[in-house]
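Participant: A single structure is presented below for examination.
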């Protein structure tokens, strides 16, 4: 179990964690609560089911991952498991929702968004998963 909490005192990991926390606070609360012009949980999970054939239970789990990741990244607690779950979630978003639209985020009117942004989020999540929570984290306190 030590490997889950083990981390160094890196501020780089702290910035990655907070970047993911802020991004998924905004994005996840759109999905889960319908804030910031979002669809809300029922419409979001239904959209994933209808558009990408994601089963409803998996969609609900995806919503939970988004919220769990925000809390985990903010507190620096159970960061590796949260980052792993978030990386899987982002990978499927990249593959199912953005892969067919090329690389660039801005494609022009009427075109979907490419993988540019989701790839950056995926790589951030993988970096945190590998490197751990870093400085100012509960994981760091527990690993000492």
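Quick note: the coordinates plus some simple rules give every number you see, no bench work behind them. Every value quoted in this text rests on a predicted model; they were computed, and no experiment measured them. Quick reminder, even Gly has a Cβ in these numbers, built from the backbone with ideal geometry, and neighbours come from all protein chains shown.
Participant: Which one of these is closer than 22 Å to residue 127 by Cβ and surrounded by 15 or more Cβ atoms within 10 Å (Cβ to Cβ): 98, 31?
Facilitator: 98
Participant: Another question, then. Scan segment 106-122 for residues that are part of a helix (DSSP H, G or I) and in contact with a helix residue (DSSP H, G or I) (Cβ under 9 Å, 6 or more places away or on another chain) and jot them down.
Facilitator: Correct list: 116, 117, 118, 119, 121, 122.
Participant: Given 71, 79, 45, which one is closer than 14 Å to residue 139 by Cβ and buried (at least 21 other Cβ atoms within 10 Å of the Cβ)?
Facilitator: None of the others qualify; the one that does is 79.
Participant: Which residue out of 123, 141 is surrounded by fewer than 17 Cβ atoms within 10 Å (Cβ to Cβ) and more than 14 Å from the chain's Cα centre (by Cα)?
Facilitator: Residue meeting the stated conditions: 141.
Participant: Go through (1) without any contact (Cβ under 8 Å) to a residue 24 or more places away in the chain; (2) crowded, with 19+ Cβ neighbours inside 10 Å; (3) in a loop (DSSP other than H, G, I, E, B) for residue 103 and report which single condition fails.
Facilitator: In the conditions (1) without any contact (Cβ under 8 Å) to a residue 24 or more places away in the chain; (2) crowded, with 19+ Cβ neighbours inside 10 Å; (3) in a loop (DSSP other than H, G, I, E, B), residue 103 misses (2) alone.
Participant: Right, something else. Which residue pairs have Cβ atoms under 8 Å apart, sit 6 or more places apart or on different chains, and have a first residue in segment 107-121 that is touching a residue at least 40 places away in the same chain (Cβ under 8 Å) and a second that is crowded, with 16+ Cβ neighbours inside 10 Å?
Facilitator: Listed pairs, sorted by first residue: 121/20; 121/23; 121/90.
Participant: Among the residues in segment 125-139, are any farther than 20 Å from residue 15 by Cα and part of a helix (DSSP H, G or I)?
Facilitator: Checked segment 125-139: no residue is farther than 20 Å from residue 15 by Cα and part of a helix (DSSP H, G or I).
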